[in-house]
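Colleague: Next up is a structure, given as structure tokens.
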Amino acid sequence: MKVAILSRNKNLYSTRRLKEAGEAMGHDVDIIDTLHCYMDITSSRPAVRYHGKELPEYDAVIPRIGASVTFYGTAVARQFEMMGTFNINESVAISRSRDKLRSLQLLSRKGIGLPRTGFASKSDNVKDLIKNVGGAPVVIKLLEGTQGIGVVLADTAKSAEAIIEAFMGLKANILVQEFIKEAGGADIRCLVVGGKVVAAMKRQGAEGEFRSNLHRGGSAEVVKLTKEERETAVNAAKVMGLNLCGVDLLRSQNGPMVMEVNSSPGLEGIEKATGKDVASMVFQFLEKNAKPHSTKTRGKG
Ligand code: ADP
Ligand code: MG
């Protein structure tokens, strides 16, 4: 197969590992810098151009699109879909996953366990918004935050109100969420490839930190999932329409709760914590599934 990895940086662990794994399995793997792709979107024969030339036909693309380039990155991914290239994570699914509110609404519709979450744009009902998710302490999140930045724990209703009003004053979109205290500053990252959890790790926040993000100094270790956790992760990936994703769960008194679904999950933390070769599993999935003209949406929707 001829495979393109859309990535801004060929030196990133995940990008390098995917290329290595694909090549070790006999595939031809190119790393394409997403922002250097350009295209004639009106052409009857869609193509992607790169450094002055039309890109060759690929059997599959693996988009690794950072949160800051979602808009352009999904447009490039969509162009590949229009060309009939198999895209492991369709552009529509990536867009869905980038918006926490939209993701939670979709997951909730399918009955997947979620922390109680509220959303409002005006500050006139902030007290009720807090009460409605169970009262303080609550977690307040910027809708498009990532790596733990923009996730705040408010211990009291008073501080929650003040933080919510401050964010609203800045016209930032936020979620207000029940704080799952019993998770103990830990979450579970489930790496899903093609509808299966292929690796899972528990991330524990640094001492005194409720956020378990590795970027915030958290540490990771391998974890054994319950059947319910496994099913929740698989269902969440399915609802989002992602073949390759990281589903983050909190262990709550009421069972697993999905916090977010990440469409460009990092491979370094999970491969190192579990010793699993996730990159090769991605290519095994492509070997079975990357047929031309078989993406579901082809950029629609
Ligand atoms: P980001 O996209 O920035 O990673 P998350 O929603 O994943 O934002 O939140 C970051 C971390 O904060 C999570 O990994 C988790 O450890 C903690 N956290 C988030 N929401 C809650 C919650 N409702 N209850 C308890 N801990 C939470
Ligand atoms: Mg997270």
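The values are calculated or read from the model by the stated rules, or taken from the named source; none is laboratory data. Please read all numbers here as calculations on a predicted model, not as lab measurements. No Cβ is skipped: glycine too gets one built from the backbone with ideal geometry, and neighbour counts run over all protein chains shown. Note: areas computed on protein heavy atoms with side chains; ligands, DNA, RNA excluded. Shrake-Rupley method; radii C 1.70, N 1.55, O 1.52, S 1.80 Å.
Colleague: Sort segment 236-296 into rounded, prolate or oblate with this rule: let a ≥ b ≥ c be the square roots of the eigenvalues of the Cα gyration tensor; rounded if a/c is under 1.5, and if a/c is not under 1.5, prolate when a/b is larger than b/c, oblate otherwise.
Modeller: On the way: a/c = 2.91, a/b = 1.39, b/c = 2.09.
Note, shape of segment 236-296 comes out oblate.
Colleague: Any idea what the alpha-carbon Rg over 2.2 N^0.38 Å comes to for the chain?
Modeller: On the way: Rg = 19.9 Å, N = 301, 2.2 N^0.38 = 19.2 Å.
Cα Rg divided by the expected 2.2 N^0.38 Å: 1.03.
Colleague: To the nearest whole percent, what portion of all C-alpha pairs in segment 161-210 is separated by more than 13 angstrom?
Modeller: Looking at segment 161-210, the distances longer than 13 Å represent 72 percent of pairs.
Colleague: If you don't mind, there's one more thing I want to ask. Once the piece of chain linking SER123 and TYR72 is laid out straight, how much longer is it, given 0.36 nm per residue of separation minus the C-alpha distance between them?
Modeller: Values: separation 51, 0.36 × 51 = 18.36 nm, distance 3.25 nm.
So the extension gain works out to 15.1 nm.
Colleague: Next up: Per DSSP H run of n ≥ 4, the term is -39500 (n - 2.57); total these for the chain, divide by its residue number, and report the mean residue ellipticity at 222 nm rounded to 500 deg cm²/dmol.
Modeller: Details: 9 runs with 96 residues, N = 301.
Taken over the chain, the calculation gives -9500 deg cm²/dmol.
Colleague: Can you give the translational diffusion coefficient of segment 182-285 in µm²/s, computed by Stokes-Einstein from the Kirkwood radius over Cα pairs at 37 °C and 0.692 mPa s?
Modeller: Details: Rh = 13.5 Å.
D = 243 µm²/s.
Colleague: Now for a different question. I'd like the per residue volume of the convex hull spanned by the Cα atoms of segment 24-171, given in cubic angstrom. Before the final figure, lay out the partial values.
Modeller: Values: hull volume 26.2 nm³, N = 148.
Here the figure is 177 Å³ per residue.
Colleague: HN-Hα J couplings of segment 272-288 from phi, Karplus 6.51/-1.76/1.60, θ = phi - 60°, integer Hz, Gly and Pro as x?
Modeller: My calculation for segment 272-288 gives 6, 6, 9, x, 8, 8, 5, 4, 5, 5, 5, 6, 4, 5, 5, 4, 7 Hz in order.
Colleague: Something else about it: Charges on Cβ only, +1 for Lys and Arg, -1 for Asp and Glu, centred on the Cα centroid of segment 2-96; of ILE88, TYR50, THR15, which one is farthest towards the dipole's positive end?
Modeller: Checking the options against the dipole of segment 2-96, the answer is THR15.
Colleague: For Cα pairs less than 8 Å apart in space and 6+ apart in sequence, what is the mean separation divided by the residue count of the chain, i.e. the relative contact order in percent? Could the numbers behind the result be given before it?
Modeller: On the way: 636 pairs, mean separation 60.4, N = 301.
Computed over the chain, the figure is 20 percent.
Colleague: Let me ask something additional. Measure up LYS19/LYS141; LYS10/LYS141; LYS196/LYS276 against 23 Å on the Cα-Cα distance and list the ones that go over. Spell out each step's value before the answer.
Modeller: Numbers: LYS19/LYS141 34 Å; LYS10/LYS141 31 Å; LYS196/LYS276 14 Å.
Long pairs (Cα-Cα over 23 Å): LYS19/LYS141; LYS10/LYS141.
Colleague: Which sequence of ASP128, ASP155 reflects their accessible areas, 1.4 Å probe, from the largest down? Mind dumping the intermediate values first?
Modeller: On the way: ASP128 85, ASP155 110 Å².
The ranking, largest first, comes out as ASP155, ASP128.
Colleague: Which of these, ALA120, ALA237, ALA220, has the largest mean-square fluctuation under a Gaussian network model of the chain (Cα springs below 10 Å)?
Modeller: Maximum among the listed residues: ALA120.
Colleague: If only Cα atoms are counted, what is the Rg of segment 2-96, and what is its Dmax, in Å?
Modeller: Cα radius of gyration and Dmax of segment 2-96 are 12.5, 38 Å respectively.
Colleague: Please find the FRET efficiency linking GLU144 to ALA166, where r is the Cβ-Cβ separation and R0 is fixed at 22 Å, and quote it to the nearest 0.05. If you can, show how the numbers build up before the last one.
Modeller: Working: r = 17 Å, r/R0 = 0.78.
Once the sixth-power term is evaluated, E becomes 0.80.
Colleague: Enter the accessible area per residue of the chain (Å², integer; probe 1.4 Å; all protein chains in place). List each step's numbers first, then the result.
Modeller: Values: 14500 Å² over 301 residues.
Dividing the accessible area of the chain by its residue count gives 48 Å².
Colleague: Shifting gears a bit: Can you pull the Kirkwood radius for segment 51-114, inverse mean 1/r over Cα pairs, to one decimal in Å?
Modeller: On the way: mean 1/r = 0.0760 Å⁻¹.
Final number for the Kirkwood radius of segment 51-114 is 13.2 Å.
Colleague: For segment 117-179, take the convex hull of the Cα atoms, compute a quarter of its surface area, and give me that in nm², please.
Modeller: Details: hull surface 14.2 nm².
The Cα convex hull of segment 117-179, projected and averaged over all directions, gives 3.5 nm².
Colleague: Can you tell me the FRET efficiency between TYR38 and ARG102 if r is taken as the Cβ-Cβ distance and R0 is 30 Å, rounded to the nearest 0.05?
Modeller: On the way: r = 28 Å, r/R0 = 0.94.
Working from the Cβ atoms, E equals 0.60.
Colleague: Leaving out ligands, DNA and RNA, what percent of the accessible area of segment 117-179 is carbon and sulfur, probe 1.4 Å? Numbers along the way, then the final one.
Modeller: Values: 1760 of 3320 Å².
Carbon and sulfur together cover 53 percent of it.
Colleague: Separate question: Beyond 22 Å between alpha-carbons counts as too far, so tell me which of LYS100/LYS227; LYS100/LYS171; LYS238/LYS272 fall in that bin. Walk me through the numbers before you get to the answer.
Modeller: Values: LYS100/LYS227 25 Å; LYS100/LYS171 17 Å; LYS238/LYS272 26 Å.
From LYS100/LYS227; LYS100/LYS171; LYS238/LYS272, over 22 Å: LYS100/LYS227; LYS238/LYS272.
Colleague: Could you name the aspartates and glutamates in cross-link range of LYS127, using Cα to Cα under 16 Å and dropping any fewer than eight places away on the same chain?
Modeller: Those aspartates and glutamates meeting the cut-off are ASP155, GLU161, GLU165, GLU178.
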